[in-house]
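Structure, as structure tokens:
The values are calculated or read from the model by the stated rules, or taken from the named source; none is laboratory data. Every value quoted in this text rests on a predicted model; they were computed, and no experiment measured them. Cβ sites come from the backbone with ideal geometry, for glycine too, and all protein chains shown count toward neighbours. Each accessible area value is taken on the protein alone, full model and side chains, heavy atoms only, with ligands, DNA and RNA left out. Shrake-Rupley method; radii C 1.70, N 1.55, O 1.52, S 1.80 Å.
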Amino acid sequence: MTEQTIKYDVPRPGFPLQQEILGLLTVAIVGAIGYFAFPDDLAFLTRLISITFLVLSLDLVTGYCGVATLGQAALFGVSAYAVGNACIAGITNPLILLAIGALTGAVTGLISGALITRFHGLPQLVLSIAIGQLVSSLANKLSSWTGGSDGLSGITPGKIFGVFAFDMYSRTSYIFSLVTLAVVMVLLLRFVRSPFGLLCRGIKDDSLRALMIGASAYPRLVMMYGVSGIVAGLGGALMAINTGVVGLDSVSFERSAEVLVMLVLGGAGNLWGALAGAVIFQIFEHIVSAANPFHWMTLVGLLLIIIVIFAPRGLGHSIASLWVSFSQRRPRP
């Protein structure tokens with residue numbers, strides 16, 4: 001393990017479940033601020049949460065395992081289509097639809113991961129793009145299941161626990177998505193600090209050393225791809241449930257590239273960085289595109305250039321480094 005892994009990922013002394021409780025409180029507080037401060041933008045914030053799941057799933061395979069991929073949106077989109085078809089077929093319970101999304105994402109992740117992780121470097125990246133493009137092409141051709149270029153519509157989920165109906169103001173959708181994100185964030189914080197998560201970090205840092213101690217990289221990378229598929233599948237399920245429509249953009253190459261940019265912005269190999277990168281990028285994009293609909297991409301590009309120059313390892317790592325430096329400089333009693 002590297003010094004950085006030991007420093008940030010190994011559980012440190014403190015009360016039990018310290019990181020998990022901190023994650024739960026952070027998501028709850030930030031979510032409450034969004035709910036009360038921006039009541040007219042809950043639909044956007046709900047979509048933001050769905051995409052955040054995709055960024056977290058990408059962080060698991062790229063940040064924690066070092067797998068180069070530009071096809072992660074395939075896991076997200078396939079799950080969204082599966083949930084949409086299940087809902088149209090009569091399965092309207094939102095919790096069951098979430099389970100369908102997670103299961104579909106896991107299966108898609110295991111299948112694609114079994115192919116992608118057999119290679120390294122540029123072939124790995126090209127293969128991930130090819131798989132993503134294949135899924136996108138199939139989504140366009142299989143219009144009876146996906147709606148083709150018109151999208152899959154008519155997705156109408158039922159009430160949560162038979163009580164809470166989805167309203168036009170997205171209040172129920174936002175709270176439902178926020179609670180799901182809080183639960184997943186707590187589980188992931190625990191997961192990446194587990195022996196399996198630390199071993200994946202070790203494989204990323206030095207796969208040869210991991211092999212020498214008896215840890216085979218390939219099956220573990222495939223398993224991590226399956227876990228990332230579960231997270232991406234939950235995001236795709238939330239997108240289908242909350243918007244009622246699944247379009248080709250959910251499996252597009254642009255979606256995969258966009259979430260990679262979010263991950264680089266926040267910092268790969270750090271769940272908090274991935275979460276922050278997803279939130280900052282989407283809010284910045286939303287504000288800038290509304291203020292200047294013709295040149296907003298230029299401003300987004302300038303933001304990314306500045307981040308890469310002054311924080312090449314992402315905002316998450318830079319903030320953590322500043323905090324460590326500040327803590328070390330504080331006078332001790």
Residue check for residue 90: buried (at least 17 other Cβ atoms within 10 Å of the Cβ) and not polar (S, T, N, Q)
no
In the list 152, 125, 115, 110, which residue meets the criterion of being without any contact (Cβ under 8 Å) to a residue 24 or more places away in the chain and either farther than 16 Å from residue 87 by Cα or surrounded by 14 or more Cβ atoms within 10 Å (Cβ to Cβ) (or both)?
115
Per-region count, the stretch 155-179, residues in contact (Cβ under 8 Å) with a residue 60 or more places away in the chain, surrounded by fewer than 22 Cβ atoms within 10 Å (Cβ to Cβ) and assigned to a helix (DSSP H, G or I)
3
Pair list, Cβ < 9 Å and 6+ apart or interchain, from the stretch 256-273 residues that are within 21 Å of residue 78 (Cα to Cα) to residues that are among the aliphatic types (A, V, I, L, M) and in a loop (DSSP other than H, G, I, E, B):
256/70; 257/70; 260/70
Which condition number in (1) buried (at least 24 other Cβ atoms within 10 Å of the Cβ); (2) more than 26 Å from residue 148 (Cβ to Cβ) is the one that residue 82 fails?
(2)
Give the stretch 157-195 a look and list any residue that's touching a helix residue (DSSP H, G or I) at 6+ places or on another chain (Cβ under 6 Å) and among the polar types (S, T, N, Q), or say none.
170, 173, 177
Quick test of your reading of the structure: residue 268 fulfils all but one of (1) assigned to a helix (DSSP H, G or I); (2) under 13 Å from the mean Cα position of the chain (by Cα). Name the failing condition by number.
(1)
So residue 200 fits all but one of (1) closer than 30 Å to residue 96 by Cα; (2) buried (at least 22 other Cβ atoms within 10 Å of the Cβ); (3) not basic (Lys, Arg); what number is the exception?
(1)
Restricting attention to the stretch 288-333, report how many residues are modelled with pLDDT of 70 or more, in a helix (DSSP H, G or I) and farther than 21 Å from residue 272 by Cβ.
13
Of all residues being among the aliphatic types (A, V, I, L, M) and open to solvent by less than 20 Å² (accessible area, probe 1.4 Å) in the stretch 244-275, which is nearest to residue 131 (Cα to Cα)? Just the residue, please.
251
Return the only residue of 133, 124 being over 17 Å from the mean Cα position of the chain (by Cα), farther than 25 Å from residue 216 by Cα and outside any loop (DSSP other than H, G, I, E, B).
133
